[in-house]
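K.L.:
Quick one: the structure is below, and I'll ask about it shortly.
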Amino acid sequence: MCTDTPMPSPATLAPIRRVGIVARARLREAAPVVRNVVDWLTERGLSPTVERATAELAGLTSTPTADAALLPEASDLILVLGGDGTLLGMARRIAATDADPPILAVNFGSLGFLTEITLPELFAALASVVEGTAGIDERRMLRSRTVRGTTTLDEQVVLNDVVITKSALSGILDLSVSVGDHFVARFRADGLIVATPTGSTAYNLSAGGPIVHPLVNAVVLTPIAPHALTNRPIVLPASGAIHIQPELAARPTDAFASFDGQTGFKLEHGDEVIVEAASRSLRMIRAAARPYFAVLREKLRWAER
């Protein structure tokens, strides 16, 4: 019988001494798990630091705490308990610092495609990280800049996607797209998704885009509900900057940019969103018992008949 073989990883783990812990907001089921993890780490001579709201949730009063934004710099490893949204938030905080701790993400019952390690696997996964035997993947990220005239309005780093979309009551968007110095197309659609391989199984997949293995060095461009059936998703090399300009002057239309579905703002005519490869990747601990294709089958029922 053929079995999945994990993809090789170029990344290695440095010795782990400090472990940051963050749980999804108000996730009461995580409270006893946080306390157990703190005890497990302390017994092994490791130093836990718990995100402040998570410490309050777990009733911890003597364990060191830190604000979520400062947790990356206080950690050699960050344990995320919750779902994909919690992981995406922490990935963005890591990208905002010079620190580079890997993430060990544990799922708490929802779909959780990124948080692929299950609760029963938690302590075995932690042990493998501490022992230096855990597999680790480099997940490519995207850097987005929004420019208005000569002013940079906003900069973001995302793990999943940058999305340009219309409001619920607006008409269809006209979006002019170029890669580097080359014009690509003028899309008429409800919006446009620029996704990483990691983000290919998120909004991109729902909009009809392709699944891309997370170790492929590529970017996916997927129109949302395009006006023309010939406007199909395209996979591009990650080496070129993608320039997106919404054309909003011809008729009243509202356009918005969102980043990993967590932050966003309204665009104006003449604004340009520039998306390119981020300068570094996010390091994620791989589930030892669940190769990528097994995750596809388990989480998405991929290739089932």
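Just so you know, all these numbers are worked out from the coordinates, no wet-lab data involved. Since the structure is predicted, the reported quantities are computational estimates derived from the model, not experimental observations. Cβ coordinates were reconstructed from backbone atoms using ideal geometry, including for glycine residues, and neighbour counts include every protein chain displayed.
K.L.:
Please give the peptides 53-61, 228-236 ranked by average Cβ packing (other Cβ atoms within 10 Å per residue), highest first, as a rough proxy for protection.
P.N.:
On the way: 53-61: 17.3, 228-236: 13.1.
Put in order of decreasing packing, that is 53-61, 228-236.
K.L.:
Which residue fluctuates the most in the chain, going by a Gaussian network model with Cα springs under 10 Å, if the choices are VAL273, VAL37, VAL50?
P.N.:
VAL37
K.L.:
What nm value, rounded to one decimal, do you get for the distance between ALA241 and ARG17 when each label is placed 7 Å out toward the C-beta?
P.N.:
4.0
K.L.:
Taking the Cβ of each residue in GLU138, GLU43, GLU29 as the centre, tally the other Cβ atoms inside 10 Å and list the residues starting with the fewest.
P.N.:
Ordered by Cβ neighbours within 10 Å, fewest first: GLU43, GLU29, GLU138.
K.L.:
Shifting gears a bit: In whole Å, what are the Cα extents of the range 153-305 along the three principal axes, biggest one first?
P.N.:
54, 38, 29
K.L.:
Using a Förster distance of 25 angstrom, determine the FRET efficiency expected from the C-beta separation of ARG52 and THR263, and round it to 0.05.
P.N.:
For R0 = 25 Å, the calculated efficiency reads 0.75.
K.L.:
For the pair PHE293 and THR133, how long in nm is the line joining their label points, each one 7 Å along Cα→Cβ?
P.N.:
2.5
K.L.:
Between ASP67 and ARG232, what is 0.36 nm times their sequence separation minus the Cα-Cα distance? Round to one decimal in nm.
P.N.:
Extra length from ASP67 to ARG232 when fully extended: 55.1 nm.
K.L.:
May I ask you to derive the FRET efficiency for SER279 and SER176 from their Cβ-Cβ distance with R0 = 25 Å, giving the value to the nearest 0.05?
P.N.:
Rounded to the nearest 0.05, the efficiency is 0.40.
K.L.:
Karplus couplings for the range 179-190 from phi (6.51 cos²θ - 1.76 cosθ + 1.60, θ = phi - 60°), rounded to Hz, Gly and Pro as x?
P.N.:
Calculated HN-Hα couplings, in order: 10, x, 9, 9, 5, 9, 5, 10, 8, 10, 6, 6 Hz.
K.L.:
Then there's this: Net charge within 14 Å of ASP84 by Cβ-Cβ distance, Lys/Arg positive one each and Asp/Glu negative one each, not counting ASP84 itself?
P.N.:
Value of the local net charge: +1.
K.L.:
What's the FRET efficiency of ALA303 with THR150 using the Cβ-Cβ distance as r and R₀ = 51 Å, to the nearest 0.05?
P.N.:
With R0 = 51 Å, the Cβ-Cβ based efficiency is 0.55.
K.L.:
Work through the residues other than ALA95 whose Cβ is under 13 Å from its Cβ and net out their charges, Lys, Arg +1 and Asp, Glu -1. Could you put the intermediate results ahead of the total?
P.N.:
Numbers: positive: ARG92, ARG93, ARG139, ARG140, ARG143, ARG280, ARG283; negative: GLU73, ASP98, ASP100, GLU155, ASP260.
It works out to a net charge of +2.
K.L.:
Which residue fluctuates most in the GNM of the chain (Cα springs below 10 Å): ALA125, ALA96, ALA68?
P.N.:
Maximum among the listed residues: ALA96.
K.L.:
Under the classification rounded if a/c is under 1.5, otherwise prolate if a/b is larger than b/c and oblate if not, where does the chain fall, given a ≥ b ≥ c as square roots of the Cα gyration tensor eigenvalues?
P.N.:
Prolate.
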